[in-house]
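S.K.: Supplied in structure tokens, the structure appears directly below.
Since every read-out is calculated from the coordinates, none of them should be taken as a lab result. All values derive from a computational prediction rather than experimental measurement. So basically every Cβ, Gly included, is an ideal-geometry build from the backbone, and we count neighbours across all protein chains shown.
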Amino acid sequence: MAENLLKGKKGIIFGALNDKSIAWKVAEKAHEQGAWFILSNTGVAIRMGTINELAGKTGSMVIEADATSTEDLRSLFEKTLQHFDGKIDFVLHSIGMSPNVRKEIPYTDINYPNFSKTLDISSLSFHKILQTAYHMDAINEWGSVVALTYVAAQRTLAGYNDMGDAKALLESIARSFGYVYGRDRKVRVNTVSQSPTPTTAGSGVSGIDALMDFSERMSPLGNATAEEAADYIILLFSDLTRKVTMQNLYHDGGFSSMGMSQRAIEQYQKSFEDCK
Ligand SMILES: NC(=O)c1ccc[n+]([C@@H]2O[C@H](COP(=O)([O-])OP(=O)(O)OC[C@H]3O[C@@H](n4cnc5c(N)ncnc54)[C@H](O)[C@@H]3O)[C@@H](O)[C@H]2O)c1
């Protein structure tokens, strides 16, 4: 493994709830690679989760912010720039939540206040973070912003509900803001489309175990773990990917390019013969 890929870099990591969170693994690896960062989450998540343990391990400060509140974000960025006595180099958006998924409301019956909340938390928060950083000129040239997404933005996966719509919007924001941020300040903006992963948010999706099993069988390299996602994100924060921007990057063991696997054909044939 390369060393010190993020030496001297500073950032903000949103979304570490507990040691299962993808953001938690990114924070651990960023620390190993020499970065300094602020950890941010909502007040409830800070109280209910174990983020303070991560802060202790990585020598980081925790700053509370609801990523749907532009006021909270402004205060977070101000405190961050003050803390580091200057601009930052990377931001991780690892935030997602759908009340419709949580309450198992079918897609045909979703309630619109819930839908708005899904979009506000899971997609618009990304625009709000980028807009706050852009107007405060908070990110250094060649800085890197990454958000986590899922292939349900491109393909329908039953159970993912309005999160599929939210991820499609999130990926579009990465392209639209990525253009302006690249043109004006040479800041990269990308999304990483990760395999289903056993985290608190992941386990809220109905049928997640079956989805993970299906995806594992379909992917030639198998599902990507949260640790592997963190390795990839470190690379995207590093100077080794300075010309990568406005991309949705699949980190899914090949799943997104598959039609039907040999294993699936064999299983289908077997169950077909069993029914004869
Ligand atoms: N787990 C999976 O299967 C999977 C797959 C692909 C993409 N993702 C994405 O990865 C990201 C991280 O999720 P995870 O799987 O690590 O689960 P997680 O539950 O550990 O993380 C989700 C985080 O979002 C935070 N959050 C919710 N509302 C917020 C708000 N208003 N302001 C700030 N933070 C808020 C939560 O507190 C939590 O820390 C999400 O965007 C998720 O959609 C997850």
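S.K.: Checking VAL192 against (1) under 18 Å from HIS251 (Cα atoms); (2) crowded, with 22+ Cβ neighbours inside 10 Å; (3) out of contact with any His (no Cβ under 7 Å at 6 or more places or on another chain), which test does it fail?
M.R.: (3)
S.K.: Can you go through ALA158, ALA152, ALA224 and tell me which one is over 26 Å from ILE139 (Cβ atoms) and exposed (fewer than 15 other Cβ atoms within 10 Å of the Cβ)?
M.R.: ALA158 is the lone residue from the list that is over 26 Å from ILE139 (Cβ atoms) and exposed (fewer than 15 other Cβ atoms within 10 Å of the Cβ).
S.K.: Of the residues that sit in segment 26-36 and are crowded, with 24+ Cβ neighbours inside 10 Å and touching a residue at least 40 places away in the same chain (Cβ under 8 Å), which one is nearest to the chain's Cα centre (by Cα)?
M.R.: It comes out as VAL26.
S.K.: Please state which one of ARG185, ARG175 is more than 16 Å from the ligand (Cβ to nearest atom) and closer than 21 Å to ARG74 by Cβ.
M.R.: It is ARG185.
S.K.: Residues in segment 150-171: is at least one in contact with a Lys or Arg (Cβ under 8 Å, 6 or more places away or on another chain), under 26 Å from GLY11 (Cβ atoms) and either of a type outside the set (Ser, Thr, Tyr) or more than 12 Å from the ligand (Cβ to nearest atom) (or both)?
M.R.: The answer is yes; a qualifying residue exists.
S.K.: Another question about this same structure. Specify the residue that is surrounded by the fewest Cβ atoms within 10 Å (Cβ to Cβ); the eligible residues are those in segment 127-149 that are within 11 Å of the ligand (Cβ to nearest atom) and part of a strand (DSSP E or B).
M.R.: VAL146
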